[in-house]
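Taken together, the values in this text are just the output of simple stated rules run on the coordinates, not laboratory data. Computed from a predicted model, the values in this text were never measured in an experiment. Here the Cβ positions follow ideal geometry from the backbone for every residue, glycine too, while neighbour counts run over all protein chains shown.
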Amino acid sequence: MIMKKILSSALLLGLLTGCGSDDTTETPVIPEPKKPKYLTLDIKPEAKFEGSFNVYLGRFPDPLKDWLQSEDARDLNDDGHIDERDAHKDGVYNPKATPIVIDATKMHQLLSTNPDGLGAGSARGDIFVDGHYSVFDALRYLAVTRNDLKLESIISPQNSGRDTYEFTLSWDSNADGVFDEQDNDLKDNLVIYDNYMGTDWHFRFTFDGGDLTTLNGTLDGLGPQGEVTYGRMDQFWIQPGMNIRFQPFSPEMTQRRHWVQDREMTRLAENGGKVVLPLLRLVPSMKRAPTDLINLEVTPHNMRPDIFQSGVITKMDIFLSAADADTDIAFNYWPSLSTGAEVGHFALFRALEVASEVGRGWTTAYGDMAVQGDFNAHSKCDFSSPAGGGQDILVDPEHCRLDWNSNFGGNALHIMPDVGVMNQPVGFAMAAIKSHYELFGMTEYSGKEVTERDFSPQEDGSDVMTLQVFPLPKDNQGSMLKESHFGWGIADCTECHNESKDPSGHGGYSWPINSSDGFDVTQPYYCATCHGNNGAPSAHGETARCFWCHAGESKPAHHGEASTQKLYQGDAIKSNDHIYNDPNELNALPRDKDGNYKAYEKVWSSVNSDWDMSRVFPDPYSCMTCHKNSAE
């Protein structure tokens, strides 16, 4: 992901290099950027359709799901749980799925020629700027370039009545060169899914999760088949690196999706073409009453002009419209993460003066009130009930099990708000504070409290060290570093002040060491207690786990060992027996992309990580000492 300004106000580093001996050498002062309205950072993302993404055809067979929902499911390893590891003991594994890898450049080049008459570039040029595409565009590309797919009987968004393309798709699933009924999915000689001349095709999706895959279980997580949405295929943006599965669903799933979309079109018409959200609910804590905004008119704020045409409304606009109505709202930006996941999106950071705290933060959901119970591991698909919306529909139990029995779906929980198109109002939106600390067993530290940590366990406890955030000196105290300092903006003062160069005023090798807290190394943030933060930019509201985002393209430079990565393997991985190895945390079980249990063998991660902490630049204590939040 290329950005015009990569986290410029959040980087824990200066861009200056080189050391000098003259403390009066003038160095250009880089002004700190102004933070724009609604954002904690001055960020202008510039998404590019480049690289590749993966496509799969047909339903994922998922024998693990069949086993876990059958009478064969039992606790074979006597750990008190029934999960994928028990299925493996019974010889059940999910098959390896081989993707169709789509080269973004080739797809762009072909669709730019308008090969199917649906438009040069995206078929929804009214939504996407030139060079960006929807999931429907990927289906167009496949139909043009493959002999086993036929896209026919296409109905335009204007004529469908739902502002989306509708179509018939045929897939030669048995690869015999003939499109016929033999391509359909059969059970007991009955058609259960129509691959041939089917009108029930839609898609599932997963985004790039990086190298550390959790929440990928069939029943207790997202599942290898991907998340399903009732949204419009031709309005769903393709992000390079994501996975898309095109598959036929049951006729009941199509009816349910159409029912949801029809209700959205009705809301739009009832408000004269304005996008009016019936309910926005903000839930800042379990102890505080929620705040409801009723009939909120949502207007476009054009926060992603790199992707969408001016005037396109996204889910982010819900919250920005609330901010326009004097509700406290702020977004931050997620770059590439320490897990290797390429995110590149704005995320809700603060609402009602309650800010996210790393593992505890704001999560968002959107949809229709009647569909809240649609997707879960034990859904009964009772859509004709009052709670289900009173829809005139009866769902076959096997279709319910295969299409709806999973934990994620409908509300598209994993679509970031800045790219979730909402040109038609959903029934409600909600943002609530949720915690992952308990789910993943993460160590909870904010950096504000004094903490003891045993860095290298010794029987005598000699390696127990005290970690704390230090106050910085006032401007009129001590030998404060100024812009004229030759190393202004360089975080690691030991790059220049080391055993080869006498530190001015400290004499010989008498380096200031925080020995009272148990350390025996020079820590630049300890030096800052006397000399100031040497031009470190202000923080942006976060309080801990800086390494989550300051990795990959945003990895800090000039921060010593905290600027490096380390290979953790074997016992070093197992040392964290909560996040990735605790059998009592089923959601946190590591699984491969096909949903099979697979323990981590090697992990490349920052020295500040879930397995380690830097002594020289301990996260978040060193970060919070030098990079002060504006409220401090």
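Observations, loosely collected:
- Calculated FRET efficiency, ASP571 to CYS530, Cβ-Cβ distance, R0 = 41 Å: about 0.55 to the nearest 0.05.
- Multiplying the residue separation of SER500 and LYS274 by 0.36 nm and removing their Cα-Cα distance gives an extension gain of 74.5 nm.
- Residues GLU264, GLU438, arranged from fewest to most other Cβ atoms within 10 angstrom of their Cβ, appear as GLU438, GLU264.
- Lysine pairs in the stretch 46-266 with Cα atoms under 22 Å, if 8 or more residues apart or on separate chains: 5
- Modelled FRET efficiency - R0 41 Å, SER515 with SER484, Cβ distances, 0.05 increments: 0.85
- Based on Cα contacts under 8 Å between residues 6+ apart, the stretch 46-266 shows a relative contact order of 24 percent.
- Taking amide H atoms as placed 1.01 Å from N in the peptide plane, the amide H of PHE49 has no partner under 5 Å among residues 5 or more positions away or on other chains.
- Database remark: amide H of GLY241 closer than 5 angstrom to the amide H of SER52, PHE53, ASN54 (H placed geometrically; neighbours at sequence offset of 5 or more, or on other chains; Pro and chain starts carry no H).
- For the chain, calculated [θ]222 nm from helices alone, where every DSSP H run of n ≥ 4 adds -39500 (n - 2.57): -4000 deg cm²/dmol
- Entries of LYS44/LYS555; LYS37/LYS287; LYS448/LYS474; LYS44/LYS315 with Cα pairs more than 24 Å apart: LYS37/LYS287
- Contour excess over end-to-end distance, with Cα ends at ASP326 and SER630 and 0.36 nm allotted per residue: 107.4 nm
- Estimated distance in nm for a label pair at LYS380 and ALA557, the labels positioned 7 Å out from Cα along Cα-to-Cβ: 6.2 nm
- Looking at the stretch 137-268, the DSSP beta bridges with both ends there are about 100 percent antiparallel.
- Fully extended contour minus Cα-Cα distance, from LYS96 to GLU353, at 0.36 nm per residue: 87.9 nm
- Distance between the modelled labels on PHE455 and GLU71, one decimal in nanometres: 6.0 nm (7 Å Cα→Cβ projection).
- Exposure proxy ranking, count of Cβ atoms within 10 Å, fewest first, for VAL607, VAL144, VAL426, VAL92: VAL144, VAL92, VAL607, VAL426
- GLU152-GLU297 pseudo-label distance in nm [points 7 Å out on the Cα-to-Cβ vector]: 4.7 nm
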